[in-house]
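Scroll down for the structure; my scribbles are underneath it.
No value in this document is a laboratory result; all are computed from the given coordinates. Here the structure is a predicted model, which is why all the values come from computation and not from measurement. Backbone-built Cβ (ideal geometry, glycine too); neighbour counts: all protein chains shown.
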Amino acid sequence: MKPLEDFLIVDFSQFLSGPSAGLRLADLGARVIKIERRGGGDICRSLYTSDLEMNGASSVFHAINRNKESFAADLHDADDRELVTALLLKADVMIHNFRPGVMERLGFDYASVSAINPGIVYGEISGYGNEGPWKQKPGQDLLLQSLTGLTSLTGNAGSGPVAMGLSIVDMLAGAHLAQGLLACLYQKAMHGNGGLVQVSMLESAFDFQFETITTFLNDGRVLPLRTEKNNANAYLGAPYGIYQTADGHIALAMGSIPVLAELLSCEELIVFKDSAQAFDQRDLIKTILAGHLLTGTTAHWLSRLEPADIWCADVLSWDQLSSHEAFAALNMIQDVQMSDGYSYRTTRCPIRIDGELLTSSVGSPKLGQDNEQIRNEFNQIKTIHEA
């Protein structure tokens, strides 16, 4: 039995942040009913991150909405609103990620929902919070990366701002919401009361940088300086970075420069014996190191460094990783199937409980595929509520 079996989640969210929280709760065993706009559904259904269309919807929709049900509704229609209200009467959790004021206008804000279901745990993600001059800005990942300093940490010193190649702020906000919801569900189990969990993408992006922000605030507000070559962390000295080799790349984390000089047979590095030089002269050290590593293959350098317990790694592309035995040992890929028989491969939940993998064979829902079942199941509750 999974930890959240018998829990009902009513999820109004779309795009990535809110649905990723719903996905994690579904992985933990909860029943997640996705409330979608009748006629169009979650905008993410048509948000293509590539030219890959899978069974009429984008690959990202399938990745983040597996193991859920879909109820298509018009929240301005009286009958649909009553059915959604019936769902909320029985729900343990409600999730949305609309801009501030939207749920108030629809009548499904926390005050309204908790009035009919005082025990509900209500979770919301906004882009910038409910206060401040940015609160109505669109909560889009690239914009949040840019506004919160994240793009100033990646890339070499002269490259300008560089965005991460993932919707990292969306995923962080979703993870934070899931954490808050689980904490509130525990509070409910112990004390019987629900609660309101609020997360903003802005705060999630700040929290993601807690190390660098703490350093900045306590170091005279000096901005972090990226290295000119092979930058991987603006606050760490050489050799920290990714380097090209004769046939690929190698990643080097923290390490003693004199030790590296000996192991790599790099005479030019021997003079950097003072540990402070690893930061003060990191550009010069990285330049020397980069030139030297080009003279051998990745396997050659790893064969010298790994036996000495130096923190290093091969740099793999997805095709290389997916065919590696270390990846196969994780069983990270699962096959899922939609209600119409369409099947696809995707990742599983990364959490193990009591040694067991949290997997499910249920794929993403077709828009409104569960309307009839949900209406039959909850119409009686709707009738009682109306009476």
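Under a straight-distance cross-link criterion of Cα-Cα below 22 Å, which lysines are reachable from Lys90, leaving out those fewer than 8 residues away in the same chain?
Lys2, Lys34, Lys68, Lys188, Lys382
How big is the dipole moment of the chain about its Cα centre under a simple scheme where the beta carbon of each Lys and Arg is +1, that of each Asp and Glu is -1, and everything else is neutral? Debye, nearest 20, please.
The calculated dipole for the chain is roughly 460 debye.
Sort the following peptides by mean Cβ neighbour count (other Cβ atoms within 10 Å, averaged over residues), highest first: 344-355, 85-96.
Answer by packing, highest mean first, reads 85-96, 344-355.
State, to one decimal in nm², a quarter of the convex hull surface area for the C-alpha atoms of the range 19-165, i.e. the direction-averaged projected area. Don't skip to the end; give the middle numbers.
Numbers: hull surface 45.3 nm².
Average projection, Cα convex hull of the range 19-165: 11.3 nm².
Highest mean first, how do 266-273, 186-193 rank when packing is the count of other Cβ atoms within 10 Å averaged over residues? Please list the in-between numbers first.
Working: 266-273: 15.1, 186-193: 11.0.
My ranking of the peptides, most packed first, is 266-273, 186-193.
Hey, of [x] 138, 74, 43; [y] 86, 49, 42; [z] 92, 77, 46, which did the structure itself give for Cα extents along the principal axes in Å when calculated?
Computing Cα extents along the principal axes in Å and matching it to [x] 138, 74, 43; [y] 86, 49, 42; [z] 92, 77, 46 gives [y].
For the range 27-110, take N as its residue count and report Rg(C-alpha) divided by 2.2 N^0.38 Å.
Values: Rg = 14.2 Å, N = 84, 2.2 N^0.38 = 11.8 Å.
Taking the Cα Rg and dividing by 2.2 N^0.38 Å, one obtains 1.20.
How much FRET efficiency would the formula 1/(1 + (r/R0)^6) give for Leu225 and Ser343, where r is the Cβ-Cβ distance and R0 is 51 Å, rounded to 0.05?
Calculated transfer efficiency: 0.55.
Pop a pseudo-label 7 angstrom from the Cα along the beta-carbon direction at both Thr215 and Ser265 and give the gap in nm to one decimal.
Once both label points are built, they end up 3.5 nm from each other.
Take the alpha-carbon centre of the range 104-171, take the same for the range 244-300, and report the distance between them in whole Å.
Using only Cα atoms to place each centre, the spacing works out to 40 Å.
State the extension gain, in nm to one decimal, for the chain segment bounded by His249 and Asp207, taking 0.36 nm per residue of separation less the distance between their alpha-carbons. Could you put the intermediate results ahead of the total?
On the way: separation 42, 0.36 × 42 = 15.12 nm, distance 3.07 nm.
Once the chain is fully extended between His249 and Asp207, it gains 12.0 nm.
In a solvent-free Debye calculation with one equal scatterer on each Cα, what is log10 I(q)/I(0) for the range 162-246 at q = 0.19 Å⁻¹, listed in the order of the q values?
For the requested q values the scattering log ratios are -0.97.
For the range 207-269, treating each Cα as an identical point scatterer without solvent, what Debye log10 I(q)/I(0) comes out at q = 0.17 1/Å?
-0.72
Highest first, please rank the peptides 315-321, 75-81 by the mean number of other Cβ atoms sitting within 10 Å of their residues.
Order by mean packing, descending: 75-81, 315-321.
Kindly state, to the nearest 0.05, the FRET efficiency for Asn379 paired with Thr297, given R0 = 51 Å and r defined as their beta-carbon distance.
0.15
Quick one: which residues, 5+ away or cross-chain, put their amide H under 5 Å from the amide H of Glu36? H built at 1.01 Å from N.
Here Phe71, Ala72, Ala73 satisfy the definition.
Show which lysines lie in cross-link reach of Lys273 when reach means a straight Cα distance below 22 angstrom and same-chain residues fewer than eight apart are skipped.
Within reach: Lys229, Lys286.
Give me the extension gain from Trp318 to Ala183: residue separation times 0.36 nm, minus the current Cα-Cα distance, reported in nm with one decimal. Walk me through the intermediate numbers first.
On the way: separation 135, 0.36 × 135 = 48.60 nm, distance 3.51 nm.
Here the segment from Trp318 to Ala183 would lengthen by 45.1 nm.
Working only with C-alpha atoms, what are the Rg and Dmax values of the range 329-382, expressed in angstrom?
Rg then Dmax for the range 329-382, in Å: 15.4, 48.
If the chain between Phe327 and Ile353 were fully stretched, how many nm would it gain, using 0.36 nm times the residue separation less the Cα-Cα distance? Numbers along the way, then the final one.
Details: separation 26, 0.36 × 26 = 9.36 nm, distance 1.98 nm.
That pair, Phe327 and Ile353, stretches by 7.4 nm at full extension.
Please compute, for the alpha-carbon atoms of the range 36-81, the extent along each of the three principal axes and give them in descending order in Å.
Principal axes ranked by extent give 38, 20, 14 Å for the Cα atoms.
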